[in-house]
Amino acid sequence: MFAKAALVLAALELAGCAAIRSPSAPPELSHALTAIRAAEREGAGADRRSAMHLALAKSELAQARRRLSVGDQEGARWLLRRAEVDAELSALMVREAGLRDAAGRTLDEASTLARRAE
């Protein structure tokens, strides 16, 4: 009888722990964090336009973490997807600016060469 009671109590205790255990972080969290780190490595903070999107991604990440803390998984996942996209956009803007600069330098060099050839 005592063994059965102990087994029932142990089962209830385990069930209680499982009920209050916070759900695991959604995969979108790691995707958003990776995209934000990549944008920072690209130098997104140095360009005004890309810095704005990077700040927006960080804000969405913070909002998503707050939603996760209160159990709103779906709302958090939506915000994390937005954060990932904004971080990716930020990184793309930095790359675009670099390509524009390189294209401008190439055009300047081509103009200089064309003038010398005349």
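The values are calculated or read from the model by the stated rules, or taken from the named source; none is laboratory data. All values derive from a computational prediction rather than experimental measurement. Cβ placement follows ideal geometry from the backbone for every residue including glycine, while neighbour counts extend to all protein chains displayed. For the accessible areas, the whole protein counts, side chains as well, though only heavy atoms, and no ligand, DNA or RNA atoms are used. Shrake-Rupley method; radii C 1.70, N 1.55, O 1.52, S 1.80 Å.
In the condition set (1) under 12 Å from Leu89 (Cβ atoms); (2) small (Gly, Ala, Ser); (3) open to solvent by 80 Å² or more (accessible area, probe 1.4 Å), Ser69 is compliant with all but (1). Only one entry in Ala114, Ala83, Ala51 is open to solvent by less than 90 Å² (accessible area, probe 1.4 Å) and touching a residue at least 40 places away in the same chain (Cβ under 8 Å), namely Ala83.
Here the condition is being out of contact with any Ser or Thr (no Cβ under 6 Å at 6 or more places or on another chain) and more than 24 Å from Ala25 (Cα to Cα); of Gly71, Gly104, it holds for Gly104 alone. Listed by position, the helices (runs of 4 or more DSSP H) enclosed by segment 13-118 that each have at least 1 residues that are of a type in the set (D, E, K, R) and at pLDDT below 90 are 73-117.
Check segment 35-46 and report whether any residue there is open to solvent by 70 Å² or more (accessible area, probe 1.4 Å) and β-branched (Val, Ile, Thr). Checked segment 35-46: no residue is open to solvent by 70 Å² or more (accessible area, probe 1.4 Å) and β-branched (Val, Ile, Thr).
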